[in-house]
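A.B. asks: So that we are looking at the same thing, I have put the structure below in structure tokens.
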Amino acid sequence: MLDHLIKGATVVDGTGAPSYTADVGIRDGRIAVVAPPGTVTEEAGTSEDATGRVLAPGFVDPHTHYDAQLFWDPYATPSLNHGVTTVAGGNCGFTLAPLHPGRPADADYTRRMMSKVEGMSLVALEEGAPWSWSSFGEYLDALEGRIAVNAGFMVGHCALRRYVMGEDAVGGQPTPAQLDEMLALFHEAMEAGAWGLSTTQSATHSDGDGKPVASRHAGPAELLALSRAVAAHEGTQIEAIVAGCLDQFGDEEIELLVAMSAEAGRPLNWNVLTIDAAVPERVPRQLIASERAREAGGRIVALTMPILTPMNMSLGTFCALNLIPGWGEILGLPVPERIAKLRDPDVRAEMLRRAESKEAGVFRRLAHFGRYVIGDTYSTANEGLTGRVVQDIAAERGQEPFACLIEICANDRLRTVLWPMPTDNDPASWALRAETWQHEDVLLGGSDAGAHLDRMCGAPYTTRFLGDCLRGRKLVGLEQAVKMLTDDPAQLFGLRERGRVEEGWHADLVLFDPERIDAGKATLVHDLPGDSPRLDSRAIGINAVWVNGVETIREDVVTGAVPGTVLRSGRDTRTVSTK
């Protein structure tokens, strides 16, 4: 007997093949039957008419930070709402495990680091997770049986270093004995099911004390030793971030990434490839790494987002503006001193110069202050400004846009919410994206879901992309778009029997209305532990989501079921060799 029968659906199976109409039956967590409409004779416990609806594999998000959120939100919202049934976590070198059992303070250090570098609520981290584990395997066990999505996790390089080296992980180099201990700890984590190594060398990643995170102090020898360890385990890979990911790789960075992938004999993915027609040299430069990796026996995959994800800014709290060269020192001052500095014309001129310089890299995109939209305001002086564009306000007041923005923010004691309008929303940039998406080493993803919670909401990229493909720019056909969200990431990670609508495969499925599928506007909600805020987005046109054959979402509402699996390397992933 079937558990559930979906009748008359338009099946888009994830392979890129043309869609077809079929009845799809689910039994014991698997897709039991895919047959022409009306031909299934086996009885079903429940059934539904899906005429006019698309049935696709559940979407796979290759880059999330749900490592902590899953403890207080087993549904990984809003990703699950938007059809995501499998998430990859433990990215960018940051994980909550392993933790040294003899140093309880390491958990506090980790929480403060995650709060700073990934924009997670410190209160939520403190109150929402049990912090009851030491080993990486114990961390995975703590999630088992209590999540609604499938989730796999890389091991964060920063956690490995901290466990072995303690405070010396920041600034120090491991002794040969310490490197051996780090490798043993890493092997133990992968034996427990970790997906491989994640690491960062990015200059934007600092810990809760404002110091470069631990993995940034690692040299090539340490990184290559860890990469070789990856090769010893089935179904593993690497995720790595270097400074050049933000704009353009340096020669040494390309050599390092190529060597890491080749040593491991596994794919290495990085994020995020920013595509902008105003910087035409960026994409070819970034993809040189992929070309050289294939020549060396490796594979380097660039993640890129298929939508423009709005990100809010503030001069009052840490955000991307702090990462512009020379801005961090000013924006880190106490508020009264910060306002005084920002009101100084000479200081502003120097800030603008630095923001528009080549060294600012991709952050140059943030320097168009006239294109900022004013969000929430908090003073009578700013009444009526919400939703208005700074250049229009500045023209009315006879001010230069940056000076105008500073005065608005100063009126709110720097609490004003700012929304920069994207500079790359032009036809040429979208044409370049469509072209770049076809590259064999470019993969859609990079949502950062679970991180930067009150700044951005990247989780809805799946529904927004599909809506754009069906009713908007139509840069990609439906079958190809679904493949890019399902089978492509599943193949990269070597997921076993996931990512397609196929008999015998796991019943991770999403049913949606092609006439409506989209994502609602991001809105601020206070639903984290400690009443902390985050941005959320309503899923539009998603009728239902099944994880391992169990309904988890119906019309944008979670059902309460937690059928998700902690996906462990080897058992749930096969090796994707680059040799």
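A.B. asks: Suppose we keep only residues that are part of a strand (DSSP E or B) and not hydroxyl-bearing (Ser, Thr, Tyr) within segment 290-320. Which one would you say is nearest to the chain's Cα centre (by Cα)? Don't jump to the end; show me each part of the working.
C.D. replies: If we filter segment 290-320 for residues that are part of a strand (DSSP E or B), which is where we start, we get 299-304, 311, 313.
Restricting the remaining residues to those that are not hydroxyl-bearing (Ser, Thr, Tyr) gives 299-303, 311, 313.
Working: Arg299: 20, Ile300: 18, Val301: 15, Ala302: 13, Leu303: 10, Met311: 14, Met313: 19 Å.
Within segment 290-320, the match that is nearest to the chain's Cα centre (by Cα) is Leu303.
A.B. asks: Here's another thing I want to ask about it. Do we find a residue being basic (Lys, Arg), open to solvent by 10 Å² or more (accessible area, probe 1.4 Å) and more than 23 Å from Leu453 (Cβ to Cβ) anywhere in segment 516-530? Break it down stepwise before answering.
C.D. replies: Residues of segment 516-530 that are basic (Lys, Arg), as a first pass: 516, 521.
Cutting the leftovers down to open to solvent by 10 Å² or more (accessible area, probe 1.4 Å) gives us 516, 521.
Now restrict to residues that are more than 23 Å from Leu453 (Cβ to Cβ): 516.
Yes, that holds for at least one residue.
A.B. asks: When you go through Gly83, Gly29, Gly90, Gly14 one by one, which is the residue that is surrounded by 18 or more Cβ atoms within 10 Å (Cβ to Cβ), more than 30 Å from Ser115 (Cβ to Cβ), among the small types (Gly, Ala, Ser) and under 32 Å from the mean Cα position of the chain (by Cα)?
C.D. replies: Values: Gly83 fails: more than 30 Å from Ser115 (Cβ to Cβ); Gly29 fails: surrounded by 18 or more Cβ atoms within 10 Å (Cβ to Cβ); Gly90 fails: more than 30 Å from Ser115 (Cβ to Cβ).
From the options Gly83, Gly29, Gly90, Gly14, the qualifying one is Gly14.
A.B. asks: List every residue pair whose Cβ atoms sit under 8 Å apart, with the two residues 6 or more apart in sequence or on different chains, where the first one lies in segment 309-324 and is closer than 13 Å to Met456 by Cβ and the second, anywhere, is buried (at least 20 other Cβ atoms within 10 Å of the Cβ) and of a type in the set (Ser, Thr, Tyr).
C.D. replies: If the second residue must be buried (at least 20 other Cβ atoms within 10 Å of the Cβ) and of a type in the set (Ser, Thr, Tyr), the pairs left are Thr309/Ser447; Thr309/Tyr461; Met313/Tyr372; Ser314/Thr416.
A.B. asks: Next question. Considering only segment 536-574, how many residues are open to solvent by 50 Å² or more (accessible area, probe 1.4 Å) and β-branched (Val, Ile, Thr)?
C.D. replies: If we filter segment 536-574 for residues that are open to solvent by 50 Å² or more (accessible area, probe 1.4 Å), which is where we start, we get 538, 550-551, 554-555, 557-559, 562, 571, 574.
Then drop every residue that is not β-branched (Val, Ile, Thr), which leaves 550, 557-559, 562.
The total comes to 5.
A.B. asks: Right, here's the next one. In segment 498-515, what residues are more than 23 Å from the chain's Cα centre (by Cα) and open to solvent by 30 Å² or more (accessible area, probe 1.4 Å)?
C.D. replies: Passing the criteria: Glu502, Glu503, Gly504, Trp505, His506, Glu515.
A.B. asks: Within segment 45-65, track down each residue that is in contact with a Phe, Trp or Tyr (Cβ under 9 Å, 6 or more places away or on another chain), part of a loop (DSSP other than H, G, I, E, B) and not basic (Lys, Arg).
C.D. replies: Selection gives Gly58, Pro62, His65.
A.B. asks: Still on this model: Yes or no: segment 464-478 includes at least one residue that is part of a helix (DSSP H, G or I), open to solvent by 10 Å² or more (accessible area, probe 1.4 Å) and touching a Gly at 6+ places or on another chain (Cβ under 6 Å).
C.D. replies: No, that holds for no residue.
A.B. asks: For residues in segment 93-107 being free of Cβ contacts under 8 Å to residues at least 40 places away in the same chain and under 20 Å from Leu143 (Cα atoms), which is surrounded by the most Cβ atoms within 10 Å (Cβ to Cβ)? Spell out how you get there, then give the answer.
C.D. replies: Start the filter on segment 93-107 by keeping residues that are free of Cβ contacts under 8 Å to residues at least 40 places away in the same chain, which leaves 101-102, 104-105, 107.
If we keep only those that are under 20 Å from Leu143 (Cα atoms) too, we end up with 101, 107.
On the way: Pro101: 12, Ala107: 20.
Step by step, filter segment 93-107, then rank; the result is Ala107.
A.B. asks: So, in segment 87-119, of the ones that are part of a helix (DSSP H, G or I) and β-branched (Val, Ile, Thr), which residue ends up farthest from Arg568 (Cα to Cα)?
C.D. replies: Looking only at segment 87-119, we keep the residues that are part of a helix (DSSP H, G or I), and these are 105-117.
Then drop every residue that is not β-branched (Val, Ile, Thr), which leaves 110, 117.
Numbers: Thr110: 23, Val117: 26 Å.
Selected residue: Val117.
A.B. asks: Which of the residues spanning segment 266-287 are in a helix (DSSP H, G or I) and under 20 Å from Leu492 (Cβ atoms)?
C.D. replies: Within segment 266-287, Val283, Gln286, Leu287 meet the criteria.
A.B. asks: Of all residues in segment 327-350 being in a loop (DSSP other than H, G, I, E, B) and of a type outside the set (Asp, Glu), which is nearest to Asn411 (Cα to Cα)?
C.D. replies: Arg343
A.B. asks: Right, next: If Ile324 satisfies all but one of (1) open to solvent by 10 Å² or more (accessible area, probe 1.4 Å); (2) of a type outside the set (Gly, Ala, Ser); (3) farther than 20 Å from Ala522 by Cβ; (4) modelled with pLDDT under 95, what's the number of the condition it fails?
C.D. replies: Unmet condition: (1).
A.B. asks: Kindly evaluate Leu444 against the criterion of being open to solvent by less than 20 Å² (accessible area, probe 1.4 Å) and either touching a helix residue (DSSP H, G or I) at 6+ places or on another chain (Cβ under 9 Å) or closer than 20 Å to Lys483 by Cα (or both).
C.D. replies: Numbers: open to solvent by less than 20 Å² (accessible area, probe 1.4 Å): yes; either touching a helix residue (DSSP H, G or I) at 6+ places or on another chain (Cβ under 9 Å) or closer than 20 Å to Lys483 by Cα (or both): yes.
Yes.
A.B. asks: Continuing with the same structure: Being among the acidic types (Asp, Glu), open to solvent by 60 Å² or more (accessible area, probe 1.4 Å) and touching a helix residue (DSSP H, G or I) at 6+ places or on another chain (Cβ under 9 Å) is true for just one of Asp392, Asp346. Which residue is that?
C.D. replies: Details: Asp346 fails: touching a helix residue (DSSP H, G or I) at 6+ places or on another chain (Cβ under 9 Å).
Going through Asp392, Asp346 in turn, just one is among the acidic types (Asp, Glu), open to solvent by 60 Å² or more (accessible area, probe 1.4 Å) and touching a helix residue (DSSP H, G or I) at 6+ places or on another chain (Cβ under 9 Å): Asp392.
The values are calculated or read from the model by the stated rules, or taken from the named source; none is laboratory data. The structure displayed is predicted, hence computed values, not measured ones. Here the Cβ is made from the backbone with ideal geometry for all residues, glycine too, and neighbour counts use every protein chain on show. All accessible areas refer to the heavy atoms of the entire protein, side chains included, with ligands and DNA or RNA removed. Shrake-Rupley method; radii C 1.70, N 1.55, O 1.52, S 1.80 Å.
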